[in-house]
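Here the structure comes first, spelled out in structure tokens, and everything after it is commentary.
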Amino acid sequence: MDIAKILEIGAQLFSQSQANTNGLSQGSIVSALSRLLGGDENGQGINFEQLLSSIDGAGLANVLQSWLGNGENHPISVEDITNIFSGSQLSDFANELNIPEQEAKTGLSEALPAMVDNASPAGEVAGELLNAVGGVSGLFNIAASLFGKK
């Protein structure tokens, strides 16, 4: 699945989340999500390796494994979001959407699992995600760190 479609799915889920997203357009959410993930407003330059690394670094390796594999996605909390993204990233994201930061964290906690899951359909890593992590060797390095075999 391409990056644009993943961002659209994330925006749709964000707008349908428990966060108060009244008045937000899907386009503005796509743009804000893209920037949050290190890209430009069109989704170019998104750094999935950094995202996966941040999720792993937040102590969520088992959760990440559920998103990348087949089966049910484990949920994450608002607190997990604060461990994945920096305070300035979350503040910038919320400000771009003109919503309270707590609402942004709520929406992200509901949208992020499906975004990563959709980047790995049927448990297989999508081409863009594979390229973003440095190909097969990069994926093996991330897998090794997730399973403690680095």
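Here, each number is a calculation from the coordinates, and none is a lab measurement. All figures in this text were calculated on a predicted structure; none of them were measured in a lab. As a convention, Cβ positions derive from the backbone with ideal geometry for all residues, glycine included, and neighbour counts pool all protein chains shown.
Brief remarks follow.
- A Förster distance of 25 Å, applied to the separation of the beta-carbon atoms of Gln89 and Asn42, puts the FRET efficiency at 0.85.
- Simple Cβ-charge dipole of the stretch 1-107, Lys/Arg +1 and Asp/Glu -1, about Cα centre, in debye nearest 20: 100
- Bins of 10 Å from zero: percent of alpha-carbon pairs in the stretch 1-124: 14, 51, 33, 3
- In terms of the mean number of neighbouring beta-carbon atoms within 10 Å, the peptides 33-45, 74-86 order highest first as 33-45, 74-86.
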